[in-house]
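J.: This is the structure, below, for whatever I ask next.
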Amino acid sequence: MITKPTKEASKALYEQIMTLKDVDACYRFFQDLCSITELRAMEQRYDVARLLYEGKVYTEIVEQTGASSATISRVNRALKYGENGLLEAFEGDKSES
């Protein structure tokens, strides 16, 4: 079951992200909106998700990303039982290659 944001302010954030014209605009938007710690955490989780999707094992992922086993486990759960947003993104990347 997909849970869409119920507050208009939350929905507005996702709609605004969709209007960004390129990677540079997206980068600037998130630099202004998030702390360095928040950005690094999201970047690390994305890297973990990509490596899990590619079939890498925990030890390889820890070595390549420095992520904790708790982070890897949480991302793995999201890939297996989440809303499929990551899978859609990765499979979209495949079809564009």
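The values are calculated or read from the model by the stated rules, or taken from the named source; none is laboratory data. Quantities reported herein were computed from a predicted structural model and do not represent experimental measurements. Positions of Cβ are backbone-derived with ideal geometry, glycine not excepted, and every protein chain shown enters the neighbour counts. Note: areas computed on protein heavy atoms with side chains; ligands, DNA, RNA excluded. Shrake-Rupley method; radii C 1.70, N 1.55, O 1.52, S 1.80 Å.
J.: Dipole of segment 14-63, Cα-centred, from +1 at each Lys and Arg C-beta and -1 at each Asp and Glu C-beta, to the nearest 20 debye?
T.: In total the dipole reaches around 40 debye.
J.: Hey, another quick one. If you put +1 on each Lys and Arg Cβ and -1 on each Asp and Glu Cβ, how big is the dipole of the chain around its Cα centre, in Debye rounded to 20?
T.: Result for the chain is approximately 380 debye, rounded to the nearest 20.
J.: Considering Cα pairs under 8 angstrom that are at least six residues apart, work out the relative contact order of the chain and quote it in whole percent.
T.: Relative contact order, the chain: 22 percent.
J.: Most fluctuating residue of GLU38, GLU15, GLU54 in a GNM of the chain with Cα springs under 10 Å: which is it?
T.: Residue with maximal mean-square fluctuation among GLU38, GLU15, GLU54: GLU15.
J.: Just to be sure I understand, if you calculate volume of the Cα convex hull per residue in Å³ for this structure, which of (1) 99; (2) 135; (3) 108 do you get?
T.: Correct label, based on the coordinates given: (2).
J.: Could I ask something else about it? With N set to the number of residues, divide the alpha-carbon radius of gyration of segment 25-75 by 2.2 N^0.38 Å and report two decimals.
T.: Working it through for segment 25-75, the quotient is 1.24.
J.: Which helices count as membrane-span-like in the chain under these terms: full DSSP H, at least 24 Å along the axis by C-alpha, Kyte-Doolittle mean of 1.6 or more?
T.: Passing helices, by number: none.
J.: Could you work out how much longer the chain between TYR27 and GLU15 gets when fully extended? Use 0.36 nm per residue separation minus the Cα distance between them, nm to one decimal.
T.: Taking 0.36 nm per residue and subtracting the Cα distance, the gain is 2.7 nm.
J.: Expressed as a whole percentage, what fraction of the accessible surface of the chain belongs to carbon and sulfur atoms when a 1.4 Å probe is rolled over the protein heavy atoms?
T.: 54
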